[in-house]
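J.: Let me begin by handing over the structure; questions about it come next.
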Amino acid sequence: MFLINCPFCGERDQSEFSSGGEAHIVRPKQPTELSDDEWAEFLFMRKNIKGVQFERWNHSHGCRKWFNVVRDTSNDKIHSVYKMGEKPPVK
Amino acid sequence: MDLRKNSQSEIAKQARNLGIKIYFNHVVTNTFGYRRINSVELMELSDDGNTTIGNKIKLNCDCLGISGGWTPMVHMHTQSGGKLDFKNDDQVFIPKEIDNDQISIGACNGDFDLETIIDKTVNKINIFLEINNQDYKNTKVECSIEKEKRNIWLLPNKIPLGKTKCFIDFQNDSTAKDIKLALKEGFRSIEHVKRYTTTGMATDQGKLSNMHALGIIADTAGVKMGTLGTTTFRPPFTPLTFGTIVGRNVGKFFEVVRKTSIHDWHVDNKAQFENVGQWKRPWYYPKNGETMHDAVQRESKAARDSAGILDASTLGKIDIQGTDASEFLNRVYTNAWSKLSIGKCRYGLMLNEDGMVYDDGVTTRLAENHYLMTTTTGGAANVLGKLEDYLQTEWPELDVYLTSVTDHYSTASVCGPNSKKIINKIFPELDLSDENFPHMSFKNTKLDNINCRVMRISFTGELSYEINIESKYGKSLWEKCISAGQEFNITPYGTETMHLLRAEKGFIIVGQDTDGTMTPSDLQMDWIVSKKKYDFIGKRSLYRSDTIREDRKQLVGLLTNDPKEILEEGAQIVSDTNTKPIDMLGHVTSSYFSPNLNKSIALAVVRSGKNMKGQKLIIPMENKNINVTVSDTIFLDKENKRLNA
Amino acid sequence: MLNTHYPQITDNKLNDVEISLQEPISKINLRGKSKEFFAKVGKVLSLILPNEANTSSFSENFNAIWLSPDEWMVYFKNDDEKVIFNKLYSEISKVNYGSVTDISDQWICINLKGSKIYDILSAGCSFNFDQFLKTDGLSTQTIVNHIDVILHNKNTYNINLFVRRSFSEHLCLWLNDSAKFI
Ligand SMILES: [Zn+2]
């Protein structure tokens with residue numbers, strides 16, 4: 001269990017949020033132009049990092065907004081939180 | 001007894017002054033008594049501590065207390081990701097300094113005397129908080145310090161290890177012998193030795209035993225303590241009662257319960273309930289001691305012969321507004337939405353990006369830029385979350401707003417050949433002619449000046465109307481339907497009958513006939529996938545090499561050769577029982593006895609099933625093989641005549 | 001005539017916690033971002049929608065709770081004829097300034113009063129009420145006993161709790177049960 005600082009509502013318990021996996025994977029604008037391999041890259045391939053990871057979270061039991069979190073998966077330490085569309089912080 | 005050679009500490013002095021004899025450099029070598037201890041035997045230790053010397057001394061006693069020295073409680077440190085160092089002087093594990101928002105101070109950091117603790121604590125806190133507090137700088141504490149140390153993990157004993165028991169874990173009764181056996185068996189990792197011997201797996205989670213176990217392993221294997229590592233320090237630190245964890249979530253509070261506005265009527269009318277997600281839904285309404293089978297057969301027949309009524313309030317409902325609402329639906333459903341005219345309804349199928357069926361439901365166009373989407377009961381929250389995800393992250397340029405209205409509306413669904421007469425009684429002003437009010441359309445109307453939305457849509461294949469009304473009027477509306485339908489023997493039916501009726505028509509239930517591995521094509525629903533649309537969620541996945549395989553599992557109908565035989569849902573399907581191992585082709589997903597067709601019907605997923613119509617297959621059960629024939633998925637009214645009956 | 005039925009929530013007073021049903025109350029969900037959206041809401045409700053998270057605003061007849069940067073819930077005493085809703089819908093949704101959705105029966109309003117109300121809520125809620133209970137008008141969305149709620153601090157130890165209708169009876173049973181142990 002840990003606290004997440006929703007960029008809209010402030011600090012809340014993790015139970016109010018749901019996790020959406022790795023961040024900054026953009027859905028291709030023209031999926032039909034892609035080969036099977038290219039589409040599979042988007043669809044299936046995730047880094048699954050042990051350590052600092054950029055990921056998506058949704059404040060599903062609060063403002064329902066999606067945002068990005070930089071979290072160390074090995075100790076749940078959250079380094080920063082930023083809104084969708086904002087530039088990710090440099091490591 | 002004290003295995004150290006001497007001690008100058010205050011407590012030792014006081015004991016001497018009180019005339020208490022301390023046997024320094026001695027260890028207990030044996031105990032005596034039956035059912036309870038009555039004496040112990042002790043011997044002096046050799047200089048190196050490897051053996052005992054001198055004469056045995058026997059002392060009478062009532063009990064024997066033991067102490068293994070201090071072990072820092074490093075749990076908090078390691079649970080927040082910290083690693084450990086081994087401090088050779090004290091033979092203890094201590095927290096390794098980490099760059100994290102935490103510090104360990106006091107005994108949990110391996111500091112056991114008060115003066116050091118105060119000193120270090122002030123220092124560490126000053127650094128940690130970036131302050132400079134000098135209040136305790138010159139605190140002098142008078143306390144006795146134990147300077148003499150001696151550590152022996154397994155005390156020497158002349159009795160062979162097998163003849164006596166040196167307990168390590170006092171709860172799980174594992175002994176030094178067990179640990180040595182584990183090492184002999186080839187276990188090296190501390191985690192493996194733990195599981196082989198169960199040392200440290202009792203409710204104290206090794207607080208009494210782990211250090212000894214590690215020490216014995218290190219000594220026996222001839223390695224250094226610090227290099228062995230430790231097992232994982234898991235929470236909770238102390239055993240908890242289940243009550244502490246679950247709180248008041250017991251009895252009727254065990255699980256959250258959702259009820260429709262019509263719930264009390266169902267209770268009054270003896271409904272048996274089924275849990276659908278958190279909802280309590282009427283399952284069937286037994287009359288006069290009917291079995292479930294009897295009740296469902298009666299309800300199913302009534303719905304097709306005259307009229308049935310279902311509480312459909314639990315379906316998820318999402319209000320969609322915005323100038324891009326049509327475009328949004330085009331992107332989330334497999335079929336096209338732009339041409340749906342206002343006042344009309346359309347069935348939609350939603351996929352995951354991997355091309356697998358995710359949810360389905362009817363969406364209605366209320367106004368130019370205003371739709372009402374329905375989702376499955378169980379999928380409501382997830383669908384809304386997924387749609388918000390796409391709007392906020394992939395398509396922020398779309399002007400679309402979503403609002404959940406699941407609880408705002410209650411829905412009574414009236415079906416059957418007499419449903420039109422019943423609706424006409426309730427809404428005499430409403431023109432129910434097919435020209436004015438065709439299948440897949442809706443009308444806004446009023447009942448006693450209260451807004452109602454009547455939709456002509458059908459999940460049973462019968463002529464059918466769904467009335468939506470604000471939930472505070474849900475129960476009253478339902479009662480009105482029941483009394484208007486009385487002369488037509490309107491029969492309330494539950495989810496079981498609903499499932500049976502839709503199976504007769506071959507309509508799928510997402511989550512029952514699908515399991516996250518079925519594409520629209522697997523379900524023989526290619527008709528609902530638009531060929532023209534450039535893109536929608538999951539489209540690209542529909543022609544991956546795996547999704548276009550001919551031998552995927554596909555939805556088919558099954559008819560038993562004996563029409564009375566009802567298949568078991570989940571039963572495996574094979575074509576040949578002689579070749580071993582038997583090749584599994586698929587399984588039964590839905591199975592019922594249809595009172596309207598007077599035979600057993602089933603839906604199943606079967607490898608390459610699409611092209612197997614008419615083929616004989618076998619369902620091997622415990623005591624017999626059931627012979628079945630692959631059929632169409634639609635068992636009743638293929639021409640949809642009943643919709644306009 | 002159609003009768004109204006509200007969830008069975010009996011008013012209760014136990015250990016200085018008063019629980020009472022506040023229906024009928026009209027509720028409208030508003031969503032939008034444009035200048036015109038805010039202007040129209042202001043015009044119809046004589047109210048400025050709060051743009052600060054976890055706050056609310058009010059005018060003579062209306063309360064508006066912040067739900068997200070582009071979403072608010074307005075609640076007010078009963079509007080049977082849907083006059084306010086229809087007005088908002090035609091001035092905002094119809095002309096594509098935002099969305100207006102009637103959610104009067106989506107949420108049930110329950111009033112909690114008394115010095116121990118935060119003790120009961122905290123028995124099933126991880127929200128930190130330190131600031132919330134000190135400031136009139138603060139609002140929040142959170143989870144109480146696994147159920148989504150919207151809380152609105154009216155004034156000292158007097159809050160309106162909004163819960164989805166289908167969950168309301170269960171939540172109230174739980175609140176009453178928890179009140180026994182405070
Ligand atoms: Zn939030």
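J.: Averaged over B:534-545, how many beta carbons belonging to a partner chain fall within 10 Å of each residue's beta carbon?
T.: On the way: counts 3, 6, 1, 2, 2, 2, 13, 5, 0, 3, 5, 2.
Per-residue shielding by partner chains comes out at 4.
J.: May I pose another question? Return the calculated 222 nm mean residue ellipticity for chain B, to the nearest 500 deg cm²/dmol, obtained by summing -39500 (n - 2.57) across DSSP H runs with n ≥ 4 and dividing by the residue count.
T.: -6000 deg cm²/dmol
J.: So how do B:248, B:258 line up by other beta-carbon neighbours within 10 Å, fewest first?
T.: If I rank by nearby Cβ atoms, fewest first, I get B:248, B:258.
J.: Give, as ranges by residue number, the residues of the stretch B:383-403 whose backbone N falls under 18 Å from the point 7 Å along Cα→Cβ of residue B:352.
T.: Zone members listed by number: B:383-390.
J.: FRET efficiency for residue B:241 and residue B:434, Cβ-Cβ distance as r, R0 = 60 Å, nearest 0.05?
T.: The computed FRET efficiency comes out at 0.40.
J.: Over 20 Å between Cα atoms: which of B:420/B:641; B:5/B:207; B:259/B:317; B:259/B:472; C:43/C:82 fall into that group?
T.: B:5/B:207
J.: Right, another one. Give a quick list of trypsin sites (Lys or Arg not before Pro) in the stretch B:39-142 that DSSP marks as loop, anything other than H, G, I, E or B, with at most 16 other Cβ atoms within 10 Å.
T.: Filter output for the stretch B:39-142: B:83, B:96, B:137, B:140.
J.: Distance between Cα centroids, the stretch B:497-523 to the stretch B:158-229: provide it in whole Å.
T.: 56 Å
J.: First check a/c for the stretch C:26-102, with a ≥ b ≥ c the square roots of the eigenvalues of its C-alpha gyration tensor; if it is under 1.5, answer rounded, and if not, answer prolate when a/b is larger than b/c or oblate otherwise.
T.: Details: a/c = 1.60, a/b = 1.08, b/c = 1.48.
Oblate, because a/c is 1.5 or more while a/b does not exceed b/c.
J.: Spelling out what I want: for every residue of the stretch B:394-401, take phi, set θ = phi - 60°, compute 6.51 cos²θ - 1.76 cosθ + 1.60 (Karplus), and round to whole Hz; glycine and proline get x.
T.: With the stated coefficients, the stretch B:394-401 comes to 9, 10, x, 6, 7, 8, 9, 10 Hz.
J.: Lysines within cross-link reach of residue B:287: Cα-Cα under 16 Å, excluding same-chain residues under 8 positions apart?
T.: B:270, B:301
J.: Next question. Please identify every one of the trypsin sites (Lys or Arg not before Pro) in the stretch B:296-341 that sits in a loop by DSSP and has no more than 12 other beta carbons within 10 Å of its own beta carbon.
T.: Those satisfying the criteria are B:339.
J.: Which three lengths, in whole Å and largest first, does chain B cover when its Cα atoms are put on their principal axes?
T.: Answer, in whole Å and largest first: 110, 71, 55 Å.
J.: Also, I was wondering about something else. Can you count the Lys pairs in the stretch B:70-151 whose Cα atoms are under 17 Å apart, with each pair 8 or more apart or on different chains?
T.: Close lysine pairs found across the stretch B:70-151: 10.
J.: Moving to a separate point now. Based on the Cβ-Cβ distance from residue C:51 to residue B:76, what FRET efficiency comes out when R0 is 41 Å, to the nearest 0.05?
T.: The value I calculate is 0.50.
J.: Okay, next question. Give me a comma-separated list of calculated 3J(HN,Hα) values for the stretch B:187-199, in order, Karplus coefficients 6.51, -1.76, 1.60 applied at θ = phi - 60°, integers in Hz, x for any Gly or Pro.
T.: With the stated coefficients, the stretch B:187-199 comes to 6, 10, 5, 4, 5, 6, 4, 4, 6, 5, 9, 6, 4 Hz.
J.: Which whole-Hz ³J(HN,Hα) couplings does the stretch C:2-12 yield from phi under the Karplus relation 6.51 cos²θ - 1.76 cosθ + 1.60, θ = phi - 60°, glycine and proline marked x?
T.: So the J values, rounded to whole Hz, are 7, 9, 9, 10, 9, x, 6, 10, 7, 4, 9.
J.: Let me ask something else. Return the whole-Å distance between the Cα centroid of the stretch C:39-55 and the Cα centroid of the stretch B:453-482.
T.: Cα centroid of the stretch C:39-55 versus Cα centroid of the stretch B:453-482: 36 Å apart.
J.: Another question, then. When you have a sec, figure out the Kirkwood radius of the stretch B:549-637 from all distinct Cα pair distances and drop it here in Å to one decimal?
T.: Numbers: mean 1/r = 0.0772 Å⁻¹.
Hydrodynamic radius (Kirkwood, Cα only) of the stretch B:549-637 equals 13.0 Å.
J.: While we're looking at this one, here's another question. If I take R0 = 30 Å and measure r between the Cβ atoms of residue B:517 and residue A:47 in this structure, what FRET efficiency does the formula 1/(1 + (r/R0)^6) give, to the nearest 0.05?
T.: So, using R0 = 30 Å, E works out to roughly 0.75.
J.: Taking Cα atoms, how many degrees apart are the long axis of helix B:380-389 and the longest axis of chain B, rounded to 10 and kept between 0 and 90?
T.: Approximately 80 degrees, to the nearest 10.
J.: Between the stretch B:281-300 and the stretch B:308-379, how far is it from one alpha carbon centroid to the other, in angstrom?
T.: Value for the Cα centre distance between the two parts: 32 Å.
J.: With charges set only on the Cβ (+1 for Lys and Arg, -1 for Asp and Glu), what does the dipole of the stretch A:32-91 come to about its Cα centre, in debye to the nearest 20?
T.: Details: 11 positive and 9 negative charges, 117 e Å.
Using only the charged Cβ atoms, the result is roughly 560 debye.
J.: Compute the length gained on full extension between residue B:223 and residue B:133: take 0.36 nm times their separation in residues and subtract their Cα-Cα distance, giving the result in nm to one decimal.
T.: Net length gain for the segment: 28.0 nm.
J.: Relative to the longest principal Cα axis of chain C, at what angle does helix C:35-45 sit, 0 to 90 degrees, rounded to 10?
T.: Orientation of helix C:35-45: about 70 degrees from the principal axis.
J.: Give the shape of the stretch B:596-645 as rounded, prolate or oblate, defined through the alpha-carbon gyration tensor: a ≥ b ≥ c are the square roots of its eigenvalues, a/c under 1.5 means rounded, and otherwise the shape is prolate if a/b is larger than b/c and oblate if not.
T.: Oblate shape, in that a/c is at least 1.5 and b/c is the bigger or equal ratio.
J.: For chain C, what does the helix formula give at 222 nm: sum of -39500 (n - 2.57) over DSSP H segments with n ≥ 4, over the residue count, nearest 500 deg cm²/dmol?
T.: -6000 deg cm²/dmol
J.: Would you mind ranking B:13, B:505 so that the residue whose beta carbon has the fewest other beta carbons within 10 Å leads the list?
T.: Ordered by Cβ neighbours within 10 Å, fewest first: B:13, B:505.
J.: Could you check the spin-label model distance between residue B:248 and residue B:288? Points 7 Å from the Cα along Cα→Cβ, value in nm.
T.: For the pair residue B:248/residue B:288, the computed spacing is 4.5 nm.
J.: Which value at 222 nm does chain A reach when only helices count, each DSSP H run of 4 or more adding -39,500 (n - 2.57), with the total divided by all residues and rounded to the nearest 500 deg cm²/dmol? Working shown, then result.
T.: Numbers: 1 runs with 9 residues, N = 91.
Per the formula, -3000 deg cm²/dmol.
J.: Further question on the same structure: Would you count, across chain A, every pair of lysines whose alpha carbons are under 16 angstrom apart, provided the pair is eight or more residues apart or spans two chains? Spell out each step's value before the answer.
T.: Numbers: A:50/A:77; A:50/A:91; A:65/A:83; A:77/A:91.
Within chain A, the lysine pair count is 4.
J.: To continue, here is another question. Label-point separation (nm) for residue C:158 and residue B:545, each offset 7 Å from Cα along Cα-to-Cβ?
T.: Going by the 7 Å Cα→Cβ label model, 7.1 nm.
J.: Local charge sum around residue B:370 (other residues, Cβ-Cβ under 9 Å, Lys/Arg +1, Asp/Glu -1)?
T.: 0
J.: Pull up all non-local amide H partners of residue B:491: gap of 5 or more, or a different chain, and H-to-H distance under 5 Å with H placed in the peptide plane.
T.: Amide H neighbours of residue B:491: B:307, B:308, B:309.
J.: Cut-off under 16 Å on the C-alpha distance; same-chain residues fewer than 8 positions from residue C:134 excluded. Which aspartates and glutamates are left, in chain and number order?
T.: The qualifying aspartates and glutamates are C:119.
J.: Given the Cα atoms of the protein assembly as shown, and with Rh set as the inverse mean 1/r over their pairs in the Kirkwood sense, what is Rg to Rh to two decimals?
T.: Reported Rg/Rh (Cα atoms, Kirkwood Rh): 1.06.
J.: At a Cα cut-off below 18 Å, give the aspartates and glutamates reachable from residue B:446, other chains included and same-chain residues fewer than 8 away excluded.
T.: The qualifying aspartates and glutamates are B:429, B:431, B:466, B:470, B:479, C:79, C:80, C:81, C:102, C:105.
J.: Can you list which of the chymotrypsin sites (Phe, Trp or Tyr not before Pro) found in the stretch B:201-300 are DSSP loop residues with at most 16 other C-beta atoms within 10 Å?
T.: Sparse-neighbourhood loop chymotrypsin sites (Phe, Trp or Tyr not before Pro): B:237, B:254.
J.: Going by how many other Cβ atoms sit within 10 Å of their own, how do A:66, B:70 line up, fewest first?
T.: On the way: A:66 22, B:70 12.
Least to most surrounded, the residues fall as B:70, A:66.
Read the figures in this text as sums done on the coordinates, not as results from a lab. Keep in mind the model is a prediction, meaning the values are calculated, not measured. Ideal geometry is used to build each Cβ from the backbone, glycine not excepted, and the neighbour counts take in all protein chains shown.
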